[in-house]
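Chemist: Please see the structure below; I have some questions.
The values are calculated or read from the model by the stated rules, or taken from the named source; none is laboratory data. As the structure is a computational prediction, the values presented were derived from the model and not from experiment. Glycine gets a Cβ as well: all are built from the backbone with ideal geometry, and neighbour counts include every protein chain shown.
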């Protein structure tokens, strides 16, 4: 049954132009269905176990764990008979990175009292300037609400106040604007309601702080709005950070970091302010920055090193239009090891993202099982340094091995479900592109449904590698596990998600568990394989939908005129 359904899906995606290079039939769909069976639990589990083994040392960039991981992925791609993905004849793309190992001390005087600041329990702070020490001395502390300047919403948290040379304190996520009709509800016309926009992402907060020439930018951590507990900040942001070399690095805010909620409230109290009251005020458009009765000093010792990390890339040449590409991505890296810990020191990253990288290999195996490759070429790209800010994907998207105007789609995998099969599948960023339509057709053939992001307030769309492709205009699809688990009670899926976030996310406990059930991961990987095949085989290429922020860039890239631009 699936073979004929797949043929119908491909036909539904096709245009009426020349189809010489794009042919499909029930026979080829039978071959695709057979190839999909190569994606199985035994293979996926074995590959996750290989990648998450203690011997891989947590797969951190710039460590022996990277060398082992890159060698493993290269061997796997070679064994599948795939071609090197780099036109230079290798399976790697070198990624230039700068590592910043920051060791900060902080002094905050509020209301005349010194606030004890313990790193990393109370705060984290780092500097990404290429010098051995960065200092901020006795700077004024200014609370700038959410730190957002969004002209399209008529929103400006700075209101013309000069914060240059000052320490700014800001809230994570978007301004939580209350509905005028019901103060308990969010205004859906402002910042997409409860769905995080890029203005809510921590990367934006530091970008606007740099633009405003602040001396230090500190984000207040709150578990709900951030989407993860403070332990993630401690474990991730207190360690060596990386970035892609940039000529503008010297213009970045000198000190950037996070404050724990408890320490923030203590500082505000000492300065004569109530944190909750100011937070409530920051939800209004008329909020103005508040200069606190506080001063902050930072001294950040920085060890700087330059490394050449690696993206690993393999290629299946297309049989019709091989100069067009569908790109699958998954990040191979995790957090490495922490020798200061007692007991287990290795961040194995079994779910995040050995599972996605293993699925990349499984999908690659399915494609190599096809008697005839699809018309377009397929790239399998395992990227580095996602945990450091999507840096491997950023490097590829800004230094592509193949032109982006010939890259028709990106399909990204970051953490597959380990709790069984679901009747649904989640699209992070649902409604952005016509890739959603292909997904809808594919899952309907296996009696599943597509749902939008179950936790849009956590900003997952900005937290994985597809976003770097989207920013460059390439239509991108990022699916997450469904939440309706077959044979499980209502609420089971959200319960398991919350458990993982609070216990295992970016923790040494993210390991293969005895009760893992990869049936749902297999279901999802097979769906993604079929979507990639359809996109690679159909004359019609995916498009951003009207109103999506990436559409204008893609239209310009492809030489399309926007409505009203004339002939």
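Chemist: Exactly one of these conditions fails for residue 228: (1) under 18 Å from the mean Cα position of the chain (by Cα); (2) within 19 Å of residue 101 (Cα to Cα); (3) in a loop (DSSP other than H, G, I, E, B). Give me its number.
Modeler: The number of the failed condition is (2).
Chemist: Before we move on, is residue 65 in contact with a helix residue (DSSP H, G or I) (Cβ under 6 Å, 6 or more places away or on another chain), assigned to a helix (DSSP H, G or I) and at pLDDT 95 or above?
Modeler: Yes: the conditions hold for residue 65.
Chemist: Within the group 316, 341, which residue is in contact (Cβ under 8 Å) with a residue 12 or more places away in the chain and surrounded by fewer than 24 Cβ atoms within 10 Å (Cβ to Cβ)?
Modeler: After ruling out the rest, the residue left standing is 341.
Chemist: Do you know which residues across the range 101-114 are buried (at least 20 other Cβ atoms within 10 Å of the Cβ) and either at pLDDT below 95 or under 14 Å from residue 256 (Cα atoms) (or both)?
Modeler: Passing the criteria: 102, 104, 106.
Chemist: Based on this model, can you work out whether residue 184 counts as under 25 Å from the mean Cα position of the chain (by Cα) and either farther than 29 Å from residue 235 by Cβ or in a loop (DSSP other than H, G, I, E, B) (or both)?
Modeler: no
Chemist: Something else now. Which of the residues that make up the range 192-222 are surrounded by fewer than 24 Cβ atoms within 10 Å (Cβ to Cβ) and assigned to a loop (DSSP other than H, G, I, E, B)?
Modeler: The answer is 192, 193, 194, 195, 197, 201, 212, 213, 215, 222.
Chemist: For residue 87, work out the one condition from (1) over 29 Å from residue 265 (Cα atoms); (2) surrounded by 16 or more Cβ atoms within 10 Å (Cβ to Cβ) it doesn't fulfil.
Modeler: Tallying (1) over 29 Å from residue 265 (Cα atoms); (2) surrounded by 16 or more Cβ atoms within 10 Å (Cβ to Cβ), residue 87 fails exactly one: (2).
Chemist: Return the residue satisfying two criteria in turn: it lies in the range 244-256 and is in contact with a helix residue (DSSP H, G or I) (Cβ under 7 Å, 6 or more places away or on another chain) and surrounded by 17 or more Cβ atoms within 10 Å (Cβ to Cβ), and of such residues it is nearest to residue 108 (Cα to Cα).
Modeler: Per the criteria, the residue is 256.
Chemist: Still on this structure: Looking at the structure I just gave you, is residue 424 in contact with a strand residue (DSSP E or B) (Cβ under 9 Å, 6 or more places away or on another chain) and either at pLDDT 95 or above or surrounded by fewer than 19 Cβ atoms within 10 Å (Cβ to Cβ) (or both)?
Modeler: Numbers: in contact with a strand residue (DSSP E or B) (Cβ under 9 Å, 6 or more places away or on another chain): yes; either at pLDDT 95 or above or surrounded by fewer than 19 Cβ atoms within 10 Å (Cβ to Cβ) (or both): yes.
Yes, satisfied.
Chemist: Still on this structure, I have one more. Output yes when any residue across the range 115-128 is in a loop (DSSP other than H, G, I, E, B) and at pLDDT below 95, and no when none is. Before the answer, list the steps.
Modeler: Quick first cut of the range 115-128, residues in a loop (DSSP other than H, G, I, E, B) only: 116-122, 127-128.
Right, trim to at pLDDT below 95 and you get 128.
Yes: one or more hits.
Chemist: Any residue in the range 179-192 that is in the same structural domain as residue 147 (by TED's automatic domain parsing) sitting within a Cβ distance under 8 Å of a residue that is at pLDDT below 90 and not in a loop (DSSP other than H, G, I, E, B)? List the pairs, counting only those 6 or more apart or interchain.
Modeler: Cβ pairs passing all conditions: 179/186; 184/178; 185/178; 186/178; 187/178.
Chemist: Next question. Identify the single condition in (1) within 30 Å of residue 60 (Cβ to Cβ); (2) part of a loop (DSSP other than H, G, I, E, B) that residue 135 does not satisfy, given that it satisfies every other one.
Modeler: In the conditions (1) within 30 Å of residue 60 (Cβ to Cβ); (2) part of a loop (DSSP other than H, G, I, E, B), residue 135 misses (2) alone.
Chemist: Hey, another quick one. Test each condition in (1) at pLDDT 95 or above; (2) surrounded by fewer than 19 Cβ atoms within 10 Å (Cβ to Cβ); (3) not in a loop (DSSP other than H, G, I, E, B) for residue 263 and report the one that comes out false.
Modeler: The failed condition is (2).
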